[in-house]
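A.B. asks: Input: one structure, supplied below.
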Amino acid sequence: MKTLVYNADRHGITEAARIIRNGGLAAFPTETVYGLGADASNETAVENIYKVKRRPADNPLILHICDKSQFYDRTQRVPGYCAALADAFWPGPLTIVACKKSSVPGWGTAGLPTIAVRMPSNETARLLIEYAQTPVFAPSTNISGRPSPTTAFHVLQDLDGIIDIVLDGGPCLYGLESTVIDASGDLPRILRPGFITAEMIYDKTGLMPETGQPAGRPKAPGMKYRHYAPNAELTVINGVPELAAAYINDLARKNNKRVGILATDQTFDMYDKEKYVVLNAGGRSRPETIGAGLFAALRTFNDENVDIIYAEGVPETGVGAAVMNRLTKAAGGRVINI
Ligand code: TXA
Ligand code: MG
């Protein structure tokens, strides 16, 4: 199969919408990462998402909508704070998990009694859903386990020749996947941190969400898998900038592998760019800049064929929590606190 690449203009969006209506798979930009969309009412199309991504069957998808009524049509027993969340953050990078109505088909939700829904703020994404005349199930457009794509080029790196079309809308604004909030109970719980933080949710609802997975079965099944992983082994080094950089320099000197280093504005000058592949993640006090480029940086390390990666940790304030969530997963838990 040849994967069509279209600009994210009206012509391209119309073509992608036609493909979705006909049961195909269309990758499209959102404000977070590129999504891989299929008609949510078409069981075979939704199954194909799992096939091409090699995604475990127990990992449910997010339903992308362009109108709030599409959320209320499919959900029940929605708590009051949920409407406040939808009003405050939709369209935008928040995914709301709510109890689904029994009339909602089982595919795409991995047999759970809940459904995850989000209305993207990216205009291409919203127009695509509108033109397709159906809500669209869409995970990130990467092969399962790899860093999420934030450009059309990344999409093609993983899925060229396997999906029908990609709409090229340039790099994604936030670069990290949406915040996933569980709104199926009396109190909200953040299952996956993102650009919308616990503090922002508190401001709008008066409720401070719990964070982290509840004990027992993970509530966001996707969070239990190794994820976002570059090809090389990655270790996160947490510490104040100068000490972290000195520690990384020491580690890098001691091995004769091809080393990749993810630095920050504060430390970039402390590394030898002749010897190592050094990428600047951004400013430590502005974690949203780091979030925007994180997955692209992990893919660059792949392209540069590094053997080992050392990444500086950043403070977990604001979006920093989401950055560290992705980085520690990419590291498979290899974290050094100095
Ligand atoms: O920003 C985003 O959310 C992007 C763009 C494309 O919209 N999508 C995305 O989808 O990141 P995906 O499939 O890569 O991640 C969906 C996450 C997974 O961790 C999954 O387990 C969780 O949402 N999820 C989906 N349905 C759920 C449910 N009913 N209950 C709990 N978690 C759910
Ligand atoms: Mg994903």
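A.B. asks: Working only within region 269-285, note down all residues that are under 18 Å from Val306 (Cα atoms) and either free of Cβ contacts under 8 Å to residues at least 24 places away in the same chain or in contact with a Pro (Cβ under 8 Å, 6 or more places away or on another chain) (or both).
C.D. replies: Matches in region 269-285: Asp272, Lys273, Glu274, Lys275, Val278, Leu279, Asn280.
A.B. asks: Got at least one residue in region 227-240 being within 16 Å of ligand 2 (Cβ to nearest atom) and either modelled with pLDDT of 95 or more or open to solvent by less than 10 Å² (accessible area, probe 1.4 Å) (or both)?
C.D. replies: Yes: one or more hits.
A.B. asks: Here is a further query. Please state which one of Ile190, Ile181 is open to solvent by less than 40 Å² (accessible area, probe 1.4 Å), near ligand 1 (Cβ under 10 Å from one of its atoms) and part of a strand (DSSP E or B).
C.D. replies: None of the other options fit; the residue is Ile181.
A.B. asks: Separate question: For region 308-338, give me the residue count where each residue is among the β-branched types (Val, Ile, Thr) and assigned to a helix (DSSP H, G or I).
C.D. replies: Of the residues in that region, 2 qualify.
A.B. asks: Moving to a separate point now. Only one residue in Thr134, Thr109 is away from ligand 1 (no atom under 11 Å from the Cβ), open to solvent by less than 20 Å² (accessible area, probe 1.4 Å), among the hydroxyl-bearing types (Ser, Thr, Tyr) and more than 17 Å from the chain's Cα centre (by Cα). Which one?
C.D. replies: Matching residue, one of Thr134, Thr109: Thr134.
A.B. asks: Under the condition of being under 20 Å from Tyr228 (Cβ atoms) and more than 16 Å from ligand 2 (Cβ to nearest atom), which residue from region 167-180 is nearest to the chain's Cα centre (by Cα)?
C.D. replies: So, considering only residues that are under 20 Å from Tyr228 (Cβ atoms) and more than 16 Å from ligand 2 (Cβ to nearest atom), the one nearest to the chain's Cα centre (by Cα) is Leu173.
A.B. asks: Can you list residue pairs whose Cβ atoms sit under 8 Å apart, with the first residue in region 127-145 being part of a strand (DSSP E or B) and β-branched (Val, Ile, Thr) and the second being open to solvent by less than 20 Å² (accessible area, probe 1.4 Å) and more than 9 Å from ligand 1 (Cβ to nearest atom)? Count only pairs 6 or more apart in sequence or on different chains.
C.D. replies: From region 127-145, the pairs are Val136/Ile20; Val136/Ala38; Val136/Asp39; Val136/Ala40; Val136/Leu128; Val136/Ile129.
A.B. asks: Something else about it: When the residues of region 11-55 are narrowed to those that are within 16 Å of ligand 2 (Cβ to nearest atom) and hydroxyl-bearing (Ser, Thr, Tyr), which ends up farthest from the chain's Cα centre (by Cα)?
C.D. replies: Tyr50
A.B. asks: Suppose we keep only residues that are touching a Pro at 6+ places or on another chain (Cβ under 9 Å) and either open to solvent by less than 40 Å² (accessible area, probe 1.4 Å) or at pLDDT below 95 (or both) within region 167-178. Which one would you say is nearest to Pro79 (Cα to Cα)?
C.D. replies: It comes out as Ser178.
A.B. asks: Restricting to region 145-156, name every residue that is closer than 20 Å to Gly24 by Cβ and either surrounded by fewer than 23 Cβ atoms within 10 Å (Cβ to Cβ) or in contact with a strand residue (DSSP E or B) (Cβ under 6 Å, 6 or more places away or on another chain) (or both).
C.D. replies: Ala152, Val155, Leu156 - these are the residues of region 145-156 that are closer than 20 Å to Gly24 by Cβ and either surrounded by fewer than 23 Cβ atoms within 10 Å (Cβ to Cβ) or in contact with a strand residue (DSSP E or B) (Cβ under 6 Å, 6 or more places away or on another chain) (or both).
A.B. asks: Still on this structure, I have one more. Name the residue that is farthest from Asp186 (Cα to Cα), counting only residues in region 62-106 that are hydroxyl-bearing (Ser, Thr, Tyr) and buried (at least 18 other Cβ atoms within 10 Å of the Cβ).
C.D. replies: Thr95
The values are calculated or read from the model by the stated rules, or taken from the named source; none is laboratory data. Just so we're clear, the structure is a prediction, and the values are computed from it rather than from any experiment. Cβ: placed from backbone, ideal geometry, glycine included. Neighbour counts: every protein chain shown. Quick note on the areas: whole protein, heavy atoms, side chains included, nothing else; ligands and nucleic acids left out. Shrake-Rupley method; radii C 1.70, N 1.55, O 1.52, S 1.80 Å.
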